[in-house]
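A.B. asks: Below are the structure tokens for one structure; questions will follow.
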Amino acid sequence: MSVSTTEIPSHLLTPGPSIEKYLDAYVRELDIPVNLREAVAYALLGGGKRLRPLLAWHCCAGVGAKGELSLPAGAAVELIHAFSLVHDDLPAIDNDTMRRGKPTLHVHAGEAMAILAGDAKLTYAFQIIAEKVTDPAVAGTLVRELALGTSGMITGQVYDTLGGFAPGLSDEQKLVLIHSNKTGALLRASCRMGAICGLAARTGKPGRELQLITDYAEAIGLMFQIVDDILDVTQSAAHTGKATGKDVDAGKLTYPSVLGLERSRAEVVKLRDKALNACHELGPSAEPLAQLAAYMAVRTK
Ligand code: IPE
Ligand code: IPE
Ligand code: MG
Ligand code: MG
Ligand code: MG
């Protein structure tokens, strides 16, 4: 079994500088007003764990290709993620004033700019694929995956914020729907898009890899938000870089509020093991993914 660590194991972070450089260069080359560029950069660069591009990279490598082929896909998902955080923090949604250890974008640049910079990042995510992925068939597949992930995230945010569930669902069923959409859908897109880039570049017939990557992604996707809920009730804002203790105040449906902490933690272990099983079947090239899953289960921020 992989080593469990509350920090991302450093050898899995070797793609980090390439990911930062790629995002930075893309923001710099956009032909946009200076204030918009500043707002986009503020909420995209220099912060965040970059888990989504890291997952794309290691899923690409996990199917036997060079990880850097995943850079446009990973950057695209990170742009959607950053957009989702800016809008999630708005007064009309979670009304948060701190993100990644600094003031949220609407506090820094005003609400109008936060809305528009979010819209812009949503657009750049698709633009980056159209511009940087040279094979039109691969680009089309990636756009579809990214659209599915983004619309899942928005559906999840609607459930989380406004409800709209079909009648008769239990709280546990609602939780799975909220979490696997608002957070799981983009993590699923990160993994599948990374694997799609890898499979397109690799020689040799595809086998069950994409299905196994999807099984992995769906397990860690739900697990990631359960851990986020747990951290909201167990960690300080100084440690996580964002307000904590807010879910209860806002009356959110969360794993700890419905199942309690102990059963929530058991659920995390169950989902981690599901992800590890998929890695096991993928073989030695998926060892980094196994280590990432182990880390995501015990992360503290
Ligand atoms: C936070 O995501 C929002 C959720 C989907 C739970 P991350 O924990 O990946 O945030 P950053 O990107 O590292 O700031
Ligand atoms: C946010 O979930 C998921 C998104 C789509 C942004 P949360 O509202 O729990 O995320 P945090 O705790 O603010 O990062
Ligand atoms: Mg929210
Ligand atoms: Mg929030
Ligand atoms: Mg949260």
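The values are calculated or read from the model by the stated rules, or taken from the named source; none is laboratory data. The structure displayed is predicted, hence computed values, not measured ones. When we count neighbours, we look across all protein chains shown, and the Cβ atoms used for this are built from the backbone with ideal geometry, even at glycine.
A.B. asks: Which one of these is modelled with pLDDT of 95 or more, in contact with a Gly (Cβ under 6 Å, 6 or more places away or on another chain), of a type outside the set (Val, Ile, Thr) and under 17 Å from Gly74 (Cβ atoms): Leu199, Leu187?
C.D. replies: That would be Leu187, the only listed residue that is modelled with pLDDT of 95 or more, in contact with a Gly (Cβ under 6 Å, 6 or more places away or on another chain), of a type outside the set (Val, Ile, Thr) and under 17 Å from Gly74 (Cβ atoms).
A.B. asks: Could I ask something else about it? I need a count of the residues in region 147-171 that are in contact with a helix residue (DSSP H, G or I) (Cβ under 6 Å, 6 or more places away or on another chain), more than 11 Å from ligand 2 (Cβ to nearest atom) and of a type in the set (A, V, I, L, M, F, W, C).
C.D. replies: So the count comes out to 1.
A.B. asks: Can I ask one more? Would a scan of region 87-108 turn up a residue that is surrounded by 15 or more Cβ atoms within 10 Å (Cβ to Cβ) and among the small types (Gly, Ala, Ser)?
C.D. replies: No, that holds for no residue.
A.B. asks: Filter region 51-93 down to the residues that are part of a helix (DSSP H, G or I), within 16 Å of ligand 1 (Cβ to nearest atom) and of a type in the set (A, V, I, L, M) and list them by number.
C.D. replies: Correct list: Leu51, Leu54, Leu55, Ala56, Ala75, Ala76, Val77, Leu79, Ile80, Ala82, Leu85, Val86.
A.B. asks: Now for a separate question. Applying the selection to region 121-147, what residues are farther than 13 Å from Glu78 by Cα and among the β-branched types (Val, Ile, Thr)?
C.D. replies: The answer is Val133, Thr134, Val138, Thr141, Val143.
A.B. asks: Sticking with this structure for a sec: Within region 218-256, work out how many residues are assigned to a helix (DSSP H, G or I) and either touching a residue at least 24 places away in the same chain (Cβ under 8 Å) or touching a helix residue (DSSP H, G or I) at 6+ places or on another chain (Cβ under 6 Å) (or both).
C.D. replies: Selection size over region 218-256: 24.
A.B. asks: Going residue by residue through region 97-114, is there one that turns out to be free of Cβ contacts under 8 Å to residues at least 24 places away in the same chain and charged (D, E, K, R)?
C.D. replies: Yes: one or more hits.
A.B. asks: Name the residues in region 251-271 that are surrounded by 20 or more Cβ atoms within 10 Å (Cβ to Cβ) and within 13 Å of ligand 4 (Cβ to nearest atom), would you?
C.D. replies: Thr254
A.B. asks: Criterion first (out of contact with any helix residue (DSSP H, G or I) (no Cβ under 9 Å at 6 or more places or on another chain) and away from ligand 3 (no atom under 16 Å from the Cβ)) does Asp24 satisfy it?
C.D. replies: Against the criterion (out of contact with any helix residue (DSSP H, G or I) (no Cβ under 9 Å at 6 or more places or on another chain) and away from ligand 3 (no atom under 16 Å from the Cβ)), Asp24 does not qualify.
A.B. asks: Let me ask something else. Among the residues of region 170-183, are any more than 16 Å from ligand 5 (Cβ to nearest atom), farther than 29 Å from Glu281 by Cβ, without any contact (Cβ under 8 Å) to a residue 24 or more places away in the chain and not basic (Lys, Arg)?
C.D. replies: yes
A.B. asks: What single numbered condition from (1) among the β-branched types (Val, Ile, Thr); (2) within 16 Å of ligand 4 (Cβ to nearest atom); (3) modelled with pLDDT of 95 or more fails to hold for Val248?
C.D. replies: Condition (3) is where Val248 drops out.
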